[in-house]
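Student: Dumping the structure here so I can ask a few things about it.
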Amino acid sequence: MLYAVFMSRALPPFPQPQEPVGTPRFLELEAAAPDEPCLRADAARNRARLLEAATRLIAEHGVAGVTMEAVAAAAQVGKGTVFRRFGDRTGLLMALLDHSARRLQADFLAGPPPLGPGAPPVERLRAFGTAVLYRTEEQLDLQLAAQPDPARRFANPPFAALHMHVRMLLRQIVPDADCDLLAHTLLDRLDPALVHHLTRQRGIPLERLEAGWTDLVARVTRTEPPAC
């Protein structure tokens, strides 16, 4: 009842904050990523060999088996090469997630609807959360291990791309809201640490998290949930 009363009230327009200087754009994220076209051929080969070695270590020993020393040994290079290429273990793990993150970005930027363009924004937002939830579940150990430190957690390019996309959809659905902060609120529901707690520690099935995301989207966007 209280929710119905709240939702029935007309909300005053919320002043939209100006974009911060240096806000990344999707194409800039792609251009700035350390991908092979931007590297010398030998550096590109070294990077690919290091990532291949790290992938083998995950398959054989899990994420815990991926250390800078172990990757260097598996790739038969010096440890310094691994540090120069990725900076630290978090940078290495983030690089392993890079391909999946780019594929997800390609799907919501140019893939088929409802995740991609062509569907109403609220449908795209629902599809986005579902896609992120299932991707997170598939890569949960890696995503948890690759969590950057607090100073970098919300400033890294993959998160910035997700936040920008959610903010863009929200501005189409609820332009009177503070879509910048609301996007953070929604993305909190998709946080790998929370998904780990809910699915592995509490045993909640992923289908319930998907239904919860759909319900959350309906509430924050003041729209009707999809018919069952």
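The values are calculated or read from the model by the stated rules, or taken from the named source; none is laboratory data. Note that the structure is a prediction, hence the values are computed from the model and not measured. Glycine also receives a Cβ, built like all others from the backbone with ideal geometry; neighbour counts cover every protein chain displayed.
Student: Please go through region 195-227 and pick out each residue that is under 24 Å from Ala146 (Cβ atoms), free of Cβ contacts under 8 Å to residues at least 24 places away in the same chain and either touching a Leu at 6+ places or on another chain (Cβ under 9 Å) or crowded, with 17+ Cβ neighbours inside 10 Å (or both).
Tutor: Leu198, Ile204
Student: Consider Arg56 against the criteria (1) under 30 Å from Ile173 (Cα atoms); (2) basic (Lys, Arg); (3) modelled with pLDDT of 80 or more: it satisfies all of them except one. Which criterion is unmet?
Tutor: The failed condition is (1).
Student: Out of region 68-99, which residues are part of a helix (DSSP H, G or I) and either among the acidic types (Asp, Glu) or surrounded by fewer than 16 Cβ atoms within 10 Å (Cβ to Cβ) (or both)?
Tutor: Scanning region 68-99 gives Glu69, Ala73, Lys79, Gly80, Phe83, Arg84, Asp98, His99.
Here is a yes/no grid of residues against (1) surrounded by fewer than 20 Cβ atoms within 10 Å (Cβ to Cβ); (2) at pLDDT 90 or above:
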residue	(1), (2)
Pro117	yes, yes
Glu123	yes, yes
Glu138	yes, no
Leu144	yes, no
Arg153	yes, no
Ala161	no, yes
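Student: Right, something else. Output the residues belonging to region 144-183 that are more than 22 Å from Val217 (Cβ to Cβ) and of a type outside the set (Lys, Arg).
Tutor: Hits for region 144-183 are Leu144, Ala145, Ala146, Gln147, Pro148, Asp149, Pro150, Ala151, Ala155, Asn156, Pro157.
Student: A follow-up question, please. Which of the numbered conditions does Leu187 fail, given that it passes all the others? Conditions: (1) surrounded by fewer than 17 Cβ atoms within 10 Å (Cβ to Cβ); (2) in a helix (DSSP H, G or I).
Tutor: Among (1) surrounded by fewer than 17 Cβ atoms within 10 Å (Cβ to Cβ); (2) in a helix (DSSP H, G or I), the lone unmet condition for Leu187 is (1).
Student: Right, another one. Got a number for residues in region 55-67 being in a loop (DSSP other than H, G, I, E, B) and farther than 14 Å from Leu140 by Cα?
Tutor: Adding up the residues that qualify gives 2.
Student: Check whether at least one residue in region 176-194 is among the hydrophobic types (A, V, I, L, M, F, W, C), in contact (Cβ under 8 Å) with a residue 24 or more places away in the chain and farther than 27 Å from Asp98 by Cα, and report yes or no.
Tutor: Within region 176-194 (the criterion being among the hydrophobic types (A, V, I, L, M, F, W, C), in contact (Cβ under 8 Å) with a residue 24 or more places away in the chain and farther than 27 Å from Asp98 by Cα), the answer is yes, since at least one residue qualifies.
Student: Same structure again: So is Thr223 touching a helix residue (DSSP H, G or I) at 6+ places or on another chain (Cβ under 9 Å) and assigned to a helix (DSSP H, G or I) or not?
Tutor: Against the criterion (touching a helix residue (DSSP H, G or I) at 6+ places or on another chain (Cβ under 9 Å) and assigned to a helix (DSSP H, G or I)), Thr223 does not qualify.
Student: With respect to Arg124, determine if the residue is among the basic types (Lys, Arg) and either within 30 Å of Val174 (Cβ to Cβ) or not in a helix (DSSP H, G or I) (or both).
Tutor: For Arg124, the condition - among the basic types (Lys, Arg) and either within 30 Å of Val174 (Cβ to Cβ) or not in a helix (DSSP H, G or I) (or both) - is met.
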